[in-house]
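Trainee: One structure coming up, written as structure tokens, with questions to follow.
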Amino acid sequence: MIREQDQASVTDSSKKSVNQLRGITRFGPIDYSYYMNQPHRSSIELAIVSPKEDLCKILTHLAKLNQRITPSNQNDGFLTQYSGFEPIFKRGILVPVETDTTRVFHYPINSTTSQNISDFCNLLKRYIDILSAQNNFDVAIIYIPERMSRFRENPMTEFNLHDAIKLYATDKAVSVQFIEERSTHSQDQCKVMWGLSTSLYAKAAGELWQPVTMNDETAYVGISYALSRINGTCIGCSQLFDSTGTGIRMLLRKITDPGYWNHNPYMKCDEAMSMMSSLRDQYYKSNPTSLLNRVVVHKTTPFTQEEIKGFTHALEGINNIELLQIQEHSDWRAIRFDTMNIGGNPAAFPIHRGAVIPLDDNSFLLWTHGCVQHDELSGSRRNYFKSGRGIPSPLLVKRYYGKTSGDDLAKEILMLSKMNWNSGDSLYKQLPVTLDFAKVLSRMSKQDEALYNKPYDFRYFM
């Protein structure tokens, strides 16, 4: 079994924590260590777009960012007290006042009653244009009350308001945080504030945490495909991450001549080589001082021979290339037995997170969802199990190219499952961040506002 990776400081190896929230509370975010000798860090400034009638509600909600909040569930092994934004992140956050016409934009709710989805989307786009021109804030809050839920999506056209606005704002270099009404009256405001605060900090170009790095000359790539039944297009979605699992760039490409294997699209050799060459260039532009001796590519579907040929040609000169299919849903299950009970009775809790079962030389099962025992969670002799119920299923990992040991590959996947900064209220995700973002990007790519062949900072897509 692979043990949980610590999240560490870049300047002091003793400052590390298995529980990300406890680590940030004790030591500050990872980038705080870059500025410890500076007397003051500029505050993060918010802008707001909201219906006029709901302005007081969203301002009251955002004010909680600067308050101390205790978890409603005292038995939650992961969630810890939210102590307020500045005490935690060592950086202030400024919520504008209602009369601030340069950062607060509102519209009467009755003006939207006769609007359709397209009209409302265009309304928000006009506010994005204004915000982009002003450039006097870090993150724009867009509040969507429940009575405006009819604008959220149209399954018939694949339209999604959240995704369309995020993409439009990305092209305008505007970071957007959507807040829906249900979060304002959630019973566990501590959990809500942790999720919101970490997301805002990351979107304001902050770095929250990083793992104990295994190989600082490695880049991780996540690749997925999206099919738009309306537009009849196949889109290749790729994400580039550095050796710490921190996102660098996102890239969408229309696949002009996709192949299909068991209904799964794939890139033919030339397009696979072109996409990977673009990502390689982006790595050197983003990390000019870092060597690149190893690239690990994650995909949810099998690698075809054409993809393997295209990827390896694009990465010629790289000493170590790993091409891994990571399948989230499989038929495998396992039951944990209590080692203290030789009689063979099942344990009261599921299998440990980090358990690995080899299947052959190039495939294994890895439980990224399972029990964790640690002092920073429920206690060293107690089990922390995210969601608290069910039998966790493993990831099925198949290697199509490479030479790294299975143990190291499993450690990397486990590490990357803790690197989604958009999920600060959770110890881990089941998928590594390479594929977790791939799912989001695949969904977003179906919007008319999708941005092709142009790399973007991953924070805009959070």
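Values quoted throughout were computed directly from the atomic coordinates according to the rules given, and no laboratory measurement underlies them. Not measured: the values here are computed from a predicted model. Backbone-built Cβ (ideal geometry, glycine too); neighbour counts: all protein chains shown.
Trainee: Give LYS203/LYS439; LYS285/LYS429; LYS57/LYS90; LYS299/LYS411 a once-over and call out the pairs whose C-alpha atoms are over 24 Å from each other.
Mentor: From LYS203/LYS439; LYS285/LYS429; LYS57/LYS90; LYS299/LYS411, over 24 Å: LYS285/LYS429; LYS57/LYS90.
Trainee: If you add up the charges near SER50, with Lys and Arg at +1 and Asp and Glu at -1, over every other residue whose beta carbon is less than 14 angstrom from its beta carbon, what do you get?
Mentor: Value of the local net charge: -3.
Trainee: Here's another thing I want to ask about it. Can you say what percent of the DSSP beta bridges in segment 7-203, counting only those with both residues inside, are antiparallel? Round to 5.
Mentor: Within segment 7-203, antiparallel bridges account for around 25 percent of the total.
Trainee: Also, quick follow-up: Computed over the Cα atoms, what is the radius of gyration of the chain divided by 2.2 N^0.38 Å, N being its residue count?
Mentor: 1.00
Trainee: Scanning the chain for trypsin sites (Lys or Arg not before Pro) in DSSP loops with at most 13 other Cβ atoms within 10 Å, what's the longest stretch left with none?
Mentor: The longest such stretch corresponds to 69-228.
Trainee: Taking the Cα centre of the chain as the origin and placing charges on Cβ (Lys, Arg +1; Asp, Glu -1), which of TYR452, SER72, LEU227 is farthest toward the positive end of the dipole?
Mentor: SER72
Trainee: Indicate, rounded to the nearest 5 percent, the antiparallel portion of the DSSP beta bridges found entirely in the chain.
Mentor: Just about 60 percent of them are antiparallel.
Trainee: Give, as a single signed number, the net charge of other residues whose beta carbon lies under 13 Å from the beta carbon of THR25, with Lys and Arg counted +1 and Asp and Glu -1.
Mentor: Residues close to THR25 contribute a combined charge of +3.
Trainee: Right, here's the next one. Just rank VAL356, VAL295, VAL212, fewest to most, by other beta-carbon atoms within 10 angstrom.
Mentor: Ranking VAL356, VAL295, VAL212 by Cβ neighbours within 10 Å, fewest first, gives VAL212, VAL356, VAL295.
Trainee: Find the relative contact order for the chain and round it to a whole percent, using C-alpha pairs within less than 8 Å whose residues are 6+ positions apart.
Mentor: 19 percent
Trainee: What number, in percent, do you get for the relative contact order of segment 7-203 if the mean sequence gap of Cα pairs under 8 Å and at least 6 apart is divided by its residue count?
Mentor: Dividing the mean separation by the residue count of segment 7-203 yields 25 percent.
Trainee: Can you sort ILE144, ILE130, ILE248 by how many other beta carbons sit within 10 Å, fewest first?
Mentor: Final ranking by Cβ density, sparse to dense: ILE130, ILE248, ILE144.
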